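Visitor: Mind looking over this structure? Questions follow.
The values are calculated or read from the model by the stated rules, or taken from the named source; none is laboratory data. Because the structure is a prediction, the values reported are computed rather than measured. Using ideal geometry, Cβ is built from the backbone for each residue, glycine included, and neighbour counts are taken over all protein chains shown. Note: areas computed on protein heavy atoms with side chains; ligands, DNA, RNA excluded. Shrake-Rupley method; radii C 1.70, N 1.55, O 1.52, S 1.80 Å.
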Amino acid sequence: MSETFTKGMARNIYFGGSVFFILIFLALTFHSEQTFPERTNEHLMNEAVVRGKLIWEQNNCIGCHTLLGEGAYFAPELGNVFIRRGGEEQFSSFLHAWMAAQPLGVPGRRAMPQFNLSDKEVDDLAEFLKWTSKIDTNDWPPNREG
């Protein structure tokens with residue numbers, strides 16, 4: 001091998017490396033696009049889930065809470081709240097009671113506002129949180145309490 005590093009060699013390394021990493025990027029993109037439908041449980045999405053997401057957005061819940069690791073870290077993670085608070089049997093009643101009890105008025109603690117949601121809106125929000133809990137997140141959050 002030559003003792004000098006020529007412009008031609010640098011060009012070949014640059015273009016060869018670029019092609020290599022572009023191919024890896026395309027392969028990973030293809031793989032991600034193939035696995036998203038399985039992981040997101042898109043087939044379970046219904047009108048109640050869509051309405052619940054709209055309620056989530058209109059009330060800026062992500063301004064305080066995180067959902068699947070995204071959002072503010074002021075209030076608890078809600079990606080697994082469905083599982084943490086009773087699952088199929090108890091979650092809806094828990095969410096209705098929790099939303100009705102706000103603000104709690106605990107001294108030294110910031111209160112969650114009272115949004116005055118109707119029973120239907122709370123049911124839709126519960127469906128949205130139930131749907132998000134079934135997304136395959138590779139075991140996020142790392143602990144049960146979020």
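Visitor: Name the pairs: first residue in the range 109-127 and modelled with pLDDT of 95 or more, second residue open to solvent by 50 Å² or more (accessible area, probe 1.4 Å) and not in a helix (DSSP H, G or I), Cβ to Cβ under 8 Å, at least 6 apart or on different chains?
Guide: E127/N46
Visitor: Still on this structure: Across the range 79-99, which residue is most open to solvent (accessible area, probe 1.4 Å) among those that are in contact (Cβ under 8 Å) with a residue 24 or more places away in the chain and outside any helix (DSSP H, G or I)?
Guide: Result: N80.
Visitor: Taking the range 41-75, which residues are in a loop (DSSP other than H, G, I, E, B) and at pLDDT below 90? Steps first, answer last, please.
Guide: Initially, the range 41-75 is screened for residues in a loop (DSSP other than H, G, I, E, B), giving 41, 45-46, 59-60, 64-65, 68-69, 72-75.
Across the range 41-75, the qualifying residues are N41, L68, G69, Y73, F74, A75.
Visitor: Specify which of the listed residues (L68, L23, L54, L28) is within 20 Å of I83 (Cα to Cα), open to solvent by 40 Å² or more (accessible area, probe 1.4 Å) and of a type in the set (A, V, I, L, M, F, W, C). Reasoning before the result, please.
Guide: Working: L23 fails: within 20 Å of I83 (Cα to Cα); L54 fails: within 20 Å of I83 (Cα to Cα); L28 fails: within 20 Å of I83 (Cα to Cα).
Criteria check complete, one pass: L68.
Visitor: Within the range 67-95, can you find the residues that are under 17 Å from G52 (Cβ atoms) and either in contact with an Asp or Glu (Cβ under 7 Å, 6 or more places away or on another chain) or outside the structural domain of V50 (by the TED database) (or both)?
Guide: S92
Visitor: Another question, then. Quick one: how many residues across the range 100-134 are under 21 Å from the mean Cα position of the chain (by Cα), of a type outside the set (F, W, Y) and either buried (at least 16 other Cβ atoms within 10 Å of the Cβ) or over 28 Å from T40 (Cβ atoms) (or both)? Walk me through it before giving the result.
Guide: Taking the range 100-134 as the starting set, the residues that turn out to be under 21 Å from the mean Cα position of the chain (by Cα) are 112, 121-134.
From the residues that got through so far, the ones that are of a type outside the set (F, W, Y) too are 112, 121-127, 129-130, 132-134.
Filter once more, so that each one left must be either buried (at least 16 other Cβ atoms within 10 Å of the Cβ) or over 28 Å from T40 (Cβ atoms) (or both): 112, 121-127, 129-130, 132-133.
Qualifying residue count, the range 100-134: 12.
Visitor: Might you check whether a residue that is open to solvent by 90 Å² or more (accessible area, probe 1.4 Å), out of contact with any helix residue (DSSP H, G or I) (no Cβ under 8 Å at 6 or more places or on another chain), within 20 Å of R144 (Cβ to Cβ) and of a type in the set (D, E) occurs anywhere in the range 34-43?
Guide: Looking through the range 34-43, none of the residues is open to solvent by 90 Å² or more (accessible area, probe 1.4 Å), out of contact with any helix residue (DSSP H, G or I) (no Cβ under 8 Å at 6 or more places or on another chain), within 20 Å of R144 (Cβ to Cβ) and of a type in the set (D, E).
Visitor: If you don't mind, there's one more thing I want to ask. Determine, yes or no, whether S92 is among the hydroxyl-bearing types (S, T, Y) and more than 22 Å from L125 (Cβ to Cβ).
Guide: Working: among the hydroxyl-bearing types (S, T, Y): yes; more than 22 Å from L125 (Cβ to Cβ): no.
Judged against the criteria, S92 is not a match.
Visitor: Also: Hey, can you tell me all the residues within the range 1-40 that are outside any helix (DSSP H, G or I), modelled with pLDDT of 90 or more and under 30 Å from A126 (Cα atoms)? Please lay out each step first, then the result.
Guide: To start, the set of residues in the range 1-40 that are outside any helix (DSSP H, G or I) comprises 1-6, 40.
Subsequent filtering for residues that are modelled with pLDDT of 90 or more retains 6.
Of everything in the range 1-40, nothing turns out to be outside any helix (DSSP H, G or I), modelled with pLDDT of 90 or more and under 30 Å from A126 (Cα atoms).
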